[in-house]
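Undergrad: Have a look at the structure that comes next, please.
The values are calculated or read from the model by the stated rules, or taken from the named source; none is laboratory data. Note that the structure is predicted; figures quoted are calculated from it, not measured. Here the Cβ positions follow ideal geometry from the backbone for every residue, glycine too, while neighbour counts run over all protein chains shown.
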Ligand code: SF4
């Protein structure tokens, strides 16, 4: 299922992150292959789950790769289930929107306070030295995702955990 509003949001976030990366090449030191942000415990909204599910239906080899990595005892249980043993993301082209912000400064309102964070490898001078235009606003992205979900998934708004086996169960239904 490819929801046009969700696809448009992905493109916007991708453009924004690329623009921030371009502007801050000297301060963004994490590189392709770095997987420090890829921790377990992520969950996705139904619309993102369906988007990834469509990709895995069309690319069973990607699902197999992720399932093999998930079951491999050499892999840390603290890593995201979709992180392969070689350190790449097995669903990179359809990764959740939150993953597009890996390495980029982010901000979100938590308990009525704006909280900011960034990968410790990047912007070494600290959060206070980062211009506001270099932050990804997670509240805005989450609001748009919630609106699309509420409109198109009113019967199943529940978030789903981001693990390969979760998608396997879905494939077998
Ligand atoms: S889905 Fe991919 S990019 Fe996102 S945390 Fe997992 S391995 Fe990393």
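Undergrad: Can you find a residue that is within 16 Å of the ligand (Cβ to nearest atom) and either more than 28 Å from residue 70 (Cβ to Cβ) or part of a strand (DSSP E or B) (or both) anywhere in the range 140-157?
TA: No: zero hits.
Undergrad: Within the range 55-92, count every residue that is part of a helix (DSSP H, G or I) and out of contact with any helix residue (DSSP H, G or I) (no Cβ under 8 Å at 6 or more places or on another chain).
TA: Residues that pass the stated criteria total 8.
Undergrad: Which numbered condition trips up residue 131, out of (1) within 16 Å of the ligand (Cβ to nearest atom); (2) within 19 Å of residue 17 (Cβ to Cβ)?
TA: Result: residue 131 fails condition (1) only.
Undergrad: Also, I was wondering about something else. Looking at the range 23-36 only, could you name the residues that are within 12 Å of the ligand (Cβ to nearest atom) and surrounded by fewer than 14 Cβ atoms within 10 Å (Cβ to Cβ)?
TA: The answer is 32, 33, 36.
Undergrad: Does any residue in the range 25-39 that is more than 14 Å from residue 100 (Cβ to Cβ) and in a loop (DSSP other than H, G, I, E, B) come within less than 9 Å, Cβ to Cβ, of a residue that is within 10 Å of the ligand (Cβ to nearest atom) and at pLDDT below 90 six or more places away or on a different chain, and which pairs are these?
TA: 33/87; 33/88; 34/87; 35/87; 35/88
Undergrad: Now, a different point. Mind listing whichever residues of the range 112-165 are surrounded by fewer than 17 Cβ atoms within 10 Å (Cβ to Cβ), within 15 Å of residue 49 (Cα to Cα) and either touching a residue at least 40 places away in the same chain (Cβ under 8 Å) or touching a strand residue (DSSP E or B) at 6+ places or on another chain (Cβ under 6 Å) (or both)?
TA: Answer for the range 112-165, where residues must be surrounded by fewer than 17 Cβ atoms within 10 Å (Cβ to Cβ), within 15 Å of residue 49 (Cα to Cα) and either touching a residue at least 40 places away in the same chain (Cβ under 8 Å) or touching a strand residue (DSSP E or B) at 6+ places or on another chain (Cβ under 6 Å) (or both): 146, 152, 153, 156, 157, 158, 159, 161, 165.
Undergrad: Do you know which of the residues in the range 93-105 that are in a helix (DSSP H, G or I) and farther than 18 Å from residue 168 by Cβ is nearest to the ligand (Cβ to nearest atom)?
TA: 99
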